[in-house]
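All remarks here apply to the structure that follows.
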Amino acid sequence: MDKEVRYQKLREIIKIYLPEDVSIDQVTQDSHFIDELNINSANLVDIVLDVEDAFDIILENEDMDKLLTVKDALQIIDAKIKNK
Amino acid sequence: MGRRVVITGLGVCAPNGVGLHNFTKALQTGVSGVRFQPQLETLKFGCQIAAEPLVKDNLRSHYFTPLQLRGLNASGIVYGVIAGVDAWQDAGLEFASKETPDWDSGILFGTGILGIDKLRESIHLVDDKQVRRLGSTTVLQTMASGISAYLGGILGCGNQVTTNSSACTTGTEGVLMAYERIASGKAERILTGSCSDSGPYVWGGFDAMRILPRNYNQDPTKASRPMSATAAGFVPGSGAGALVLESLESAKARNAPVYAEVLGGAVNSGGQRGEGSMTAPNSEAVQRCIRQAVANAGIKNIAIDSINGHLTATAKDPLEIENWSKALELQGEDFPYVNSFKGLVGHCLAASGSIECVGTVLQLKKGQVFGNVNCEDIHPQILNYVAASKIPQQTIPHAPKIIAKASFGFGDVNACVIFKDCND
């Protein structure tokens, strides 16, 4: 699975958690989940679970602390897949 | 004497009809919501029938966002939100704007146990050492006040938002609590109601108590037999009912059509003393509750021309009728028309009071007393107090002016509310 495929897969996951006034087109790799996309922190917990299911990986607490932007999420996913 | 309180909106998610229109028709024509439940057969229940609302997936997506629907596994919340949102819209009210809550509107929506399927899911995850996999909505779906919290967010209510719980009295008690808050001037509008989850984990305990009918698994629509000599126990049910109570001033100010007035009522408990216990009613308390309700409503006994009973289809039905008769000092042909909707919707437990209050108010609106079913063979002890002509076997065109509605629950708790027609 190349990086672009992973990115698209992640966008699909994020899509459902976006508030009504934020569209998926506004999501870029630099988007900050809470500050820019207005996703609440409780839902970030659910995004992590969806990511685990979609990529068959497990995120640790320290991974979650580092997860602030879409790019952070992609880096964590890439690293986890590489180390599988 | 406080302010006058009226009902301006109704909503319902009942086993025999989802939505006001379907429910009204079902009560008028005697459509049953009791069905065989293959899951209960698989699980080796004695009673393998139940009454649960049939909610289609596309209906869910009308009331919930795709995000809310993800992992939603609390049927009571689904029923409660459908009934609650319907009642709000039926009253001609809108959702509060995105920025500011409606400070004058509150929610008082009860339940018995909420989100039991979600709870089961969570227990399995926790026991498997997977607590981190619970997700963010486990708490919201399993806290008792989850239903008022979901509705509060959808409607944007800024007055009191809370949940009451008093077993099978819950819904009727909620109407009275909402009435009192509005009468005392603390709110203009309250969405009140109650909901109850479906499924074996709610109904199992009752099956274990051997108070559900076991001989009707092949004939579900005949199983729920309130007031019948062959009543064999209550049929477990689920669903939700909702009513918008509003100050008369507020209703008038916005020209809202009025279904009925809430004249008053009473709640009490038998204290599990005398003949009362955790599961059996203390008759003295029941009679006091009815008498206090009548006094609180400021009417004469004789003014009550219809009763919607608790009447669950157990051996206690004759005692309930005796209590009504003694409390109101009315019998035979003088006894008001009496009916029970449980013949069609089963016993919806925490949701029973609100679903039945909705049905009771619909009788005022339609100028009818909806028919009983499955009591062709009226219990002989009941006939000692009530003339058979006062127990209609089908819907009759009698337009009631004042209806008394009562609900009783485990814990020896009672509630009785008096509704008055507003067609004049």
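The values are calculated or read from the model by the stated rules, or taken from the named source; none is laboratory data. Bear in mind the structure is a predicted one, so any value in this text is a computation, not a measurement. Neighbour counts are summed over all protein chains in view; Cβ atoms, including those assigned to glycine, are modelled from backbone coordinates with ideal geometry.
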(1) in a helix (DSSP H, G or I); (2) more than 10 Å from every other protein chain (Cβ to nearest Cβ); (3) among the charged types (D, E, K, R) all hold for A:LYS84 apart from (1)
Go through segment B:279-324 residue by residue and tally those that are of a type in the set (Ser, Thr, Tyr) and under 18 Å from B:PHE335 (Cα atoms). 1
Would you please name the residue that is farthest from B:THR395 (Cα to Cα), looking only at residues in segment B:304-332 that are surrounded by fewer than 18 Cβ atoms within 10 Å (Cβ to Cβ), of a type outside the set (D, E, K, R) and in contact with a helix residue (DSSP H, G or I) (Cβ under 7 Å, 6 or more places away or on another chain)? B:LEU319
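Yes/no per residue for (1) more than 28 Å from A:LYS15 (Cα to Cα); (2) of a type in the set (A, V, I, L, M, F, W, C); (3) more than 14 Å from chain A (Cβ to nearest Cβ); (4) in contact with a helix residue (DSSP H, G or I) (Cβ under 7 Å, 6 or more places away or on another chain):
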site	(1), (2), (3), (4)
B:LEU43	yes, yes, yes, yes
B:PRO53	yes, no, yes, yes
B:SER61	no, no, no, yes
B:THR65	no, no, no, no
B:VAL78	no, yes, yes, yes
Within segment A:45-62, restricting to residues that are over 16 Å from A:LYS9 (Cα atoms) and assigned to a helix (DSSP H, G or I), the one that is farthest from the other protein chains (Cβ to nearest Cβ) is A:GLU62
Screening B:LEU362, B:LEU349 for residues that are within 30 Å of B:GLY270 (Cα to Cα) and either modelled with pLDDT of 95 or more or not aromatic (Phe, Trp, Tyr) (or both) leaves only B:LEU349
Please find, among A:VAL48, A:VAL22, A:VAL5, the residue that is under 10 Å from the mean Cα position of the chain (by Cα) and either surrounded by fewer than 16 Cβ atoms within 10 Å (Cβ to Cβ) or free of Cβ contacts under 8 Å to residues at least 24 places away in the same chain (or both). A:VAL48
Identify all residues within segment B:283-303 that are outside any helix (DSSP H, G or I) and either buried (at least 21 other Cβ atoms within 10 Å of the Cβ) or among the aliphatic types (A, V, I, L, M) (or both); write none if there are none. B:ILE299
Quick check on segment A:64-80. Is at least one of its residues within 12 Å of chain B (Cβ to nearest Cβ), part of a loop (DSSP other than H, G, I, E, B) and closer than 27 Å to B:THR138 by Cα? no
If you check B:LEU362 against the conditions, is it assigned to a helix (DSSP H, G or I), in contact (Cβ under 8 Å) with a residue 40 or more places away in the chain and closer than 18 Å to B:GLY239 by Cβ? yes
Find all pairs meeting these conditions: Cβ atoms under 8 angstrom apart; at least six residues apart or on different chains; first residue within segment B:111-129 and in the same structural domain as B:GLY353 (by TED's automatic domain parsing); second residue at pLDDT below 95. none
In segment B:17-61, how many residues are assigned to a loop (DSSP other than H, G, I, E, B), touching a residue at least 40 places away in the same chain (Cβ under 8 Å), out of contact with any Cys (no Cβ under 6 Å at 6 or more places or on another chain) and not charged (D, E, K, R)? 11
Using the structure shown, decide if B:LEU114 is part of a loop (DSSP other than H, G, I, E, B), more than 14 Å from every other protein chain (Cβ to nearest Cβ) and within 20 Å of B:GLU173 (Cα to Cα). yes
Out of all the residues in segment B:119-158, which are away from every other protein chain (no Cβ under 14 Å), surrounded by 21 or more Cβ atoms within 10 Å (Cβ to Cβ) and over 17 Å from B:SER75 (Cα atoms)? B:GLY152, B:LEU155, B:CYS157
Answer yes or no: is there a residue in segment B:82-90 that is out of contact with any strand residue (DSSP E or B) (no Cβ under 6 Å at 6 or more places or on another chain), acidic (Asp, Glu) and more than 14 Å from chain A (Cβ to nearest Cβ). no
